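Taking it in order: structure first as structure tokens, then the write-up.
Quick note: the coordinates plus some simple rules give every number you see, no bench work behind them. Here the structure is a predicted model, which means the values were calculated and not measured. Backbone-built Cβ (ideal geometry, glycine too); neighbour counts: all protein chains shown.
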Amino acid sequence: MDNQSGKIQRAIICLLLLVGGATGLKDVKIKVPDMVRSGDDALLSCNYDLESASLYAIKWYRGDVEFYRYLPKEAPSHTVFPVQGIKVDISKSDNHDVTLVNVSRELTGRYKCEVSADAPSFHTAIKEAPMEVVDVPETNPTIVAERQRLPAGETLRANCTSGPSRPAPVIKWTLNGNHTRADVVIQFCPRLTD
């Protein structure tokens, strides 16, 4: 019986070594821009270490909806799935990067990269990160003062207005290069327009 249990122990150790060494995928990292201007392109990157394993697939998702797949052993290796608002530049997309063209506010959300090693392990790892698409004002803010000239010590009454944007801009006042005190500035709630 001792000989039999020794064989079983050796078999278990060999199996653990095989399974432990078969993962082949580690250090998966995703890089997604925190913020992108509406109308710009966005480069999403997924880096990984397959060790000695081969790549089976890279899949990209917005939320839980797949929009891009890279399978190196298939021809063509790229597949783009129709997802409203998402346009992929195939010429700038590969097994690490995917380029989204002319992004819009609707593409704000969480993006996931799924990396799968090839047989025998098919080990899979998923990383995700948020991206916000912002609409910036098309023009500079305008300042309208109640009076153009003031004697020293007089109170200045002025209004600073920014063009439409999402999220609302943060406006800070300076006077002669110095930031004004918060208690002398009246903040009006942003008015949102569609």
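Values computed for the structure shown
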item	result
Distance between segment 147-172 and segment 75-128 - C-alpha centres, whole angstrom	44 Å
Least to most buried among 105, 147, 166 (fewest other Cβ within 10 Å first)	147, 105, 166
Pair residue 172, residue 94: separation of 7 Å Cα→Cβ label points (nm)	4.1 nm
Rough spin-label spacing in nm, given labels placed 7 Å along Cα→Cβ, for residue 160 and residue 132	1.9 nm
Above-threshold pairs, the threshold being 32 Å between Cα atoms, out of 92/127; 73/127; 73/112; 112/172; 87/127; 29/73	112/172
Computed lengthening from residue 142 to residue 184, 0.36 nm per intervening residue step minus Cα-Cα distance	13.2 nm
Charge-dipole axis of the chain as Lys and Arg at +1 and Asp and Glu at -1 on Cβ define it, positive-most pick from 48, 155, 81	155
Distance cut-off 30 Å, percentage of C-alpha pairs in the chain lying past it	50 percent
FRET efficiency for residue 105 and residue 73, using Cβ-Cβ distance with R0 set to 35 Å, rounded to 0.05	0.40
Calculated FRET efficiency for the pair residue 87/residue 26, C-beta based, R₀ 30 Å, to 0.05	0.40
Average Cα contact separation per residue, segment 51-180, under 8 Å, 6 or more apart, as relative contact order %	19 percent
Footprinting exposure proxy for 35, 131 (fewest neighbouring C-beta atoms within 10 Å first)	35, 131
Burial ordering of 37, 149, fewest other beta-carbon atoms within 10 Å first	149, 37
Percent RCO, i.e. relative contact order, over segment 108-194, from Cα pairs under 8 Å lying at least 6 residues apart	20 percent
Helix-derived mean residue ellipticity, 222 nm - over the chain, DSSP H n ≥ 4, -39500 (n - 2.57), to 500	-3500 deg cm²/dmol
